[in-house]
Amino acid sequence: MQNIWNNALTRIRERLSEQTFSTWIAPMALREVTDEAAVLEVPNSFFEDWIRNNYMPMLREAMSEVTGVEMDIRLVIGESRAIETELPDLPDRRFQKTRPSCEYHSRLNPKYTFASFIVGSSNQLPHAASIAIASQLGTKYNPLFVYGGVGLGKTHLLHAIGNHILSRNPDMRIYYLSAEEFMNEYVASVRTYKMDAFREKFRASCDVLLIDDIQFIAGKEQTQEEFFYTFNALYGMNKQIVLTSDKYPQEIPDLEERLRSRFQWGLIADIQVPEMETRLAILKRKAEDERIPLPDDVALFLATSIKNNVRELEGSLINLAAHASLENHPIDLDFATRTLKKVVALRDSALTVDRIQHEVCRHFNVNLEDLTGARRHRSIAFPRQVAMYLCRKGLNASYPEIGNRFGGKDHTTAMAACRKIEQQIHRDAAMRGKIEALERLLGF
Ligand code: ADP
Ligand code: MG
């Protein structure tokens, strides 16, 4: 069966861009083939819709070609779905009858739009999900939960959703605020006996609630309780809720279970660290916007030096431009290298893919060319898998990035390697000991 699917994948891949393929097609798995239908597993309902609307004919054709029989495609949602079947509590209806009287206000930053957001495979899914919900509110993916590391564009996307909705429906009452601001407003309302107004505002007079950095409510019991009722009221009225977080719901400490499960009712979309092309595109866009002359080699240098944080990436460009104008010096590679030495020095002392590859080569006595090459003999494939696993674990590198750094391999290869090592560690204590020793050597 895996063979059938692999063959079908090969065909599909020829027809799609690498980015589209890795975002939408690679995450699917073939579960079953019957006489007339192939059953494909997709990660969630968002995927299901997306595949249904965009790729069904292509999938049908590829499967029919490979198997030689006309084949229907059925989609099923895999694994993590169970939690979504839990029924929502009834919303708090007390406040729905009151007429909205609260001033609607919006603190959306007009700079953060979909148009100014650069899309790459690291953020294609949350971007597509954001557009989907902004175009069709409250009905599909509610809540949308966007999570990802610092400086990767969560706030940008949240504003973009708000701006997009507002541009189409100027009457919409959209609230954008951080979880911290939500708490402050709540506390102030309690103190000044204005809870009715607070509830009126957030439960009855709100059409779209955009809450940034929801992880902040960890451990704030009263705020969690209030947010729980806010959530229920809005959800019950089909009002769109979007949350961002730097942690996955399961990883937010001291969060009430009932909130945790609600965060998973809709769609969870994660933003990954942007790949090289995306970093370059972001830099070039920023340089254009700020009218900074940015030669290609300098852009490449910046994008290579700063990988994990778009804010820092943009900051480095602004910093460089400031120095250049202060010292009246053109921005060239030499100047950029000197100016950014500090940043780069920091990076070099830290754990890097290079260091991991180097240590693994030494440990297994193989050379770097083989480690990043295509040979599949076990004597080399195994160290390669270990190195990939260590990059994932130690650097939290994305699969596409790992693939890239190992001679331009596909992200599915990196993913498979990491899984394989994980399984072996699980099964084999001796193996676990070896890998842990390597980890200690690398300092993580
Ligand atoms: P987060 O909320 O995840 O910490 P932000 O949304 O504040 O990150 O993004 C940090 C900066 O990087 C912002 O200036 C944002 O506009 C910019 N940025 C992040 N991702 C992108 C992207 N894909 N395209 C354009 N700009 C981006
Ligand atoms: Mg943010």
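The values are calculated or read from the model by the stated rules, or taken from the named source; none is laboratory data. The shown structure was predicted, so the numbers you read here are calculated from the model rather than taken from an experiment. Reconstructed Cβ throughout: ideal geometry from the backbone, glycine too, with neighbour counts over all protein chains shown. For accessibility, only protein heavy atoms count, side chains too; no ligands or nucleic acids. Shrake-Rupley method; radii C 1.70, N 1.55, O 1.52, S 1.80 Å.
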Given the criteria within 16 Å of ligand 2 (Cβ to nearest atom) and either over 22 Å from F227 (Cβ atoms) or modelled with pLDDT of 95 or more (or both), does I118 qualify? no
Go through the range 327-416 and tell me which helices (runs of 4 or more DSSP H), entirely inside it, have 1 or more residues that are buried (at least 18 other Cβ atoms within 10 Å of the Cβ) and at pLDDT 90 or above. 333-339, 353-364, 368-371, 378-395, 399-405
Looking at N309 and the list (1) within 14 Å of I118 (Cβ to Cβ); (2) within 11 Å of ligand 1 (Cβ to nearest atom); (3) touching a Leu at 6+ places or on another chain (Cβ under 8 Å), which single condition is not satisfied? (1)
Considering residues of the range 1-51 that are over 28 Å from A134 (Cβ atoms), open to solvent by 40 Å² or more (accessible area, probe 1.4 Å) and of a type in the set (A, V, I, L, M, F, W, C) only, the residue modelled with the lowest pLDDT: M1
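Every residue, every condition in (1) touching a His at 6+ places or on another chain (Cβ under 8 Å); (2) touching a residue at least 24 places away in the same chain (Cβ under 8 Å); (3) farther than 16 Å from I118 by Cα, yes or no:
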| position | (1), (2), (3) |
| --- | --- |
| G266 | no, yes, yes |
| I271 | no, yes, no |
| E277 | no, yes, no |
| E288 | no, no, no |
| I292 | no, yes, yes |
| A321 | no, yes, yes |
| H329 | yes, no, yes |
How many residues are closer than 21 Å to H156 by Cα and aliphatic (A, V, I, L, M) if we restrict to the range 299-323? 6
Sort out which residues of the range 52-111 are hydroxyl-bearing (S, T, Y) and modelled with pLDDT of 50 or more, and write them in order of number. Y55, S64, T67, S106
Please return the ranges of helices (runs of 4 or more DSSP H) entirely within the range 244-315 where 2 or more residues are open to solvent by less than 30 Å² (accessible area, probe 1.4 Å) and more than 30 Å from E180 (Cα to Cα). 276-289, 296-305
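Looking at the range 124-145 only, could you name the residues that are within 16 Å of ligand 2 (Cβ to nearest atom) and in contact with a Phe, Trp or Tyr (Cβ under 8 Å, 6 or more places away or on another chain)?
If the condition is that a residue be within 16 Å of ligand 2 (Cβ to nearest atom) and in contact with a Phe, Trp or Tyr (Cβ under 8 Å, 6 or more places away or on another chain), then H127, S130, F145 are the ones that fit.
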Check whether at least one residue in the range 2-14 is in contact with a helix residue (DSSP H, G or I) (Cβ under 9 Å, 6 or more places away or on another chain), touching a residue at least 24 places away in the same chain (Cβ under 8 Å) and under 26 Å from N142 (Cβ atoms), and report yes or no. no
